[in-house]
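Working notes, beginning with the structure itself.
Quick note: the coordinates plus some simple rules give every number you see, no bench work behind them. Values in this document were obtained by computation on a predicted structure and should not be read as measured data. Cβ placement follows ideal geometry from the backbone for every residue including glycine, while neighbour counts extend to all protein chains displayed.
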Amino acid sequence: MPDSIEKKRRTKRRGAVLGALFLLAAQLASAAILIWGASLASEYRWLQITLWVLAVLSLVPLPFVGIVLKQRLNEIKGGESDAAAQY
């Protein structure tokens with residue numbers, strides 16, 4: 001029985017980490033595309049500024065991903081979701 005619980009926890013941990021990595025990759029890719037677009041829009045200063053602002057705003061959530069991932073891993077380690085599943 002404990003092996004199945006640990007297996008579920010490993011699966012949940014892996015899913016949480018992969019989800020966080022996917023979000024990080026998507027946010028970094030979108031920022032890179034926006035920066036690339038800003039470098040191409042040198043004729044239109046307003047568009048270049050807008051793209052730079054959007055690129056910076058797309059990077060804002062990145063520090064919070066680590067915080068949320070740490071909380072989720074602590075929940076999984078503590079077995080909170082396992083205990084809630086019993087009810």
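Within region 45-66, the set of residues being loosely packed, with under 12 Cβ neighbours inside 10 Å and more than 30 Å from residue 18 (Cβ to Cβ) comprises 45, 46. Close Cβ contacts (under 8 Å, 6 or more residues apart or on different chains) running from residues in region 1-26 that are over 15 Å from residue 76 (Cβ atoms) to residues that are part of a helix (DSSP H, G or I) comprise 23/65; 24/62; 24/65. Here region 16-32 is the region considered, the condition is being surrounded by 14 or more Cβ atoms within 10 Å (Cβ to Cβ) and of a type in the set (A, V, I, L, M, F, W, C), and the residue that is farthest from residue 71 (Cα to Cα) is 31.
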